[in-house]
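Colleague: Take a look at the following structure, please.
The values are calculated or read from the model by the stated rules, or taken from the named source; none is laboratory data. Owing to the predicted nature of the structure, the values given are computational and were not obtained by experimental measurement. Positions of Cβ are generated from backbone atoms using ideal geometry, with glycine treated the same way; all protein chains shown enter the neighbour counts. Surface accessibility is based on the protein's heavy atoms, side chains included, excluding ligands, DNA and RNA. Shrake-Rupley method; radii C 1.70, N 1.55, O 1.52, S 1.80 Å.
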Amino acid sequence: MDSAVSDAAPGVTPLVQEDEPLLPWQTDPTRAPIATKIVVAGGFGVGKTTLVGSVSEITPLQTEALMTEASEGTDDLTATPGKSTTTVAMDFGRITLDDDLVLYLFGTPGQQRFWFMWDDLVRGAIGAVVLADTRRLKDCWPALDYFESCGMPYVVAVNHFDGTERYEPEDVREALTIPAHIPVMIMDARRRISVIETLLSLVGHALDETPE
Ligand SMILES: Nc1nc2c(ncn2[C@@H]2O[C@H](COP(=O)(O)OP(=O)(O)OP(=O)(O)O)[C@@H](O)[C@H]2O)c(=O)[nH]1
Ligand SMILES: [Mg+2]
């Protein structure tokens with residue numbers, strides 16, 4: 001067995017799982033991958049955990065807890081009536097693009113009472129995906145403000161929910177007053193290819209924003 005798949009401690013999910021094919025950088029030390037950290041943020045229940053889970057090539061780390069009566073009156077479940085859990089610490093997943101670009105995805109908790117964790121979660125990230133739902137656009141304002149004020153590159157990704165009115169990216173840009181150079185896209189957090197397009201857009205944008 002290759003050492004890359006055998007080192008995990010008992011009970012710990014290895015970053016390389018035994019049933020996935022090894023990538024060049026996992027067997028050849030001269031092919032060091034470019035590893036980057038990306039944050040997935042946005043309002044409560046907008047699809048952050050779904051996004052990380054639908055694209056991660058490892059079993060995502062999730063910290064879901066059942067929502068109780070205490071959340072009534074605080075968390076609006078109108079848009080997601082089937083939702084029974086919420087992220088209480090973070091989501092974590094990994095995806096390899098182009099064989100040597102490894103993205104580590106960190107999903108933030110959406111409930112306001114957990115926002116104090118954001119400073120730790122975003123440390124070292126190259127950028128953020130701010131997820132939005134057009135039925136409750138204002139819920140993404142805190143995330144937009146946060147990344148604007150700390151100067152971290154971000155893209156705005158509208159997670160389009162079935163049966164809701166479809167808007168053009170430019171309509172969303174205008175509604176949220178997003179500057180022209182920041183990518184805004186419509187996507188589906190449940191579809192891997194749609195999430196990959198969003199992540200590639202963020203990586204490209206973050207590179208554009210990085211000083212030479
Ligand atoms: N129809 C539809 N449902 C979605 C989509 N994305 C997520 N959902 C559902 O919406 C609910 C919320 O998804 P989560 O991924 O838990 O949202 P979250 O942003 O991580 O939520 P918090 O961590 O509680 O803030 C879940 O019931 C998902 O199954 C989508 O694109 N379309
Ligand atoms: Mg979540």
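Colleague: Can you report the principal axis dimensions of segment 78-212 using only the alpha carbons, biggest first, rounded to whole angstrom?
Modeller: Result, largest extent first: 44, 33, 32 Å.
Colleague: Next question, about the same structure. Which one, SER71, PRO211, MET117, is farthest towards the positive end of the dipole of the chain when Lys and Arg carry +1 and Asp and Glu -1 on their Cβ?
Modeller: Farthest towards the positive pole: SER71.
Colleague: In Å², what does the accessible area per residue of the chain work out to with a 1.4 Å probe?
Modeller: Working: 11070 Å² over 212 residues.
Solvent-accessible surface per residue comes out at 52 Å².
Colleague: While we're here: So how strong a dipole does segment 31-207 carry about its Cα centre when Lys and Arg Cβ are +1 and Asp and Glu Cβ are -1, to the nearest 20 debye? Let's see the in-between values first.
Modeller: On the way: 15 positive and 24 negative charges, 65 e Å.
About 320 debye.
Colleague: Another question about this same structure. Work out, step by step, the length gained on full extension between LEU61 and SER84: first 0.36 nm times the residue separation, then minus their alpha carbon distance; give nm to one decimal.
Modeller: Values: separation 23, 0.36 × 23 = 8.28 nm, distance 1.79 nm.
Value of the extension gain: 6.5 nm.
Colleague: Please work out the Cα center distance from segment 132-168 to segment 48-66, rounded to the nearest Å.
Modeller: Rounded to whole Å, the Cα centres lie 19 Å apart.
Colleague: Related question: Can you compute the helix-only [θ] at 222 nm over the chain? Use -39500 (n - 2.57) per DSSP H run of at least 4 residues, normalise by all residues, nearest 500 deg cm²/dmol. List each step's numbers first, then the result.
Modeller: Working: 6 runs with 53 residues, N = 212.
About -7000 deg cm²/dmol.
Colleague: Report the Stokes-Einstein translational diffusion coefficient (µm² s⁻¹, integer) for segment 137-203, Rh taken as the Kirkwood radius over Cα pairs, at 37 °C with viscosity 0.692 mPa s. Please report the intermediate quantities before stating the final value.
Modeller: Numbers: Rh = 12.6 Å.
Calculated translational D: 260 µm²/s.
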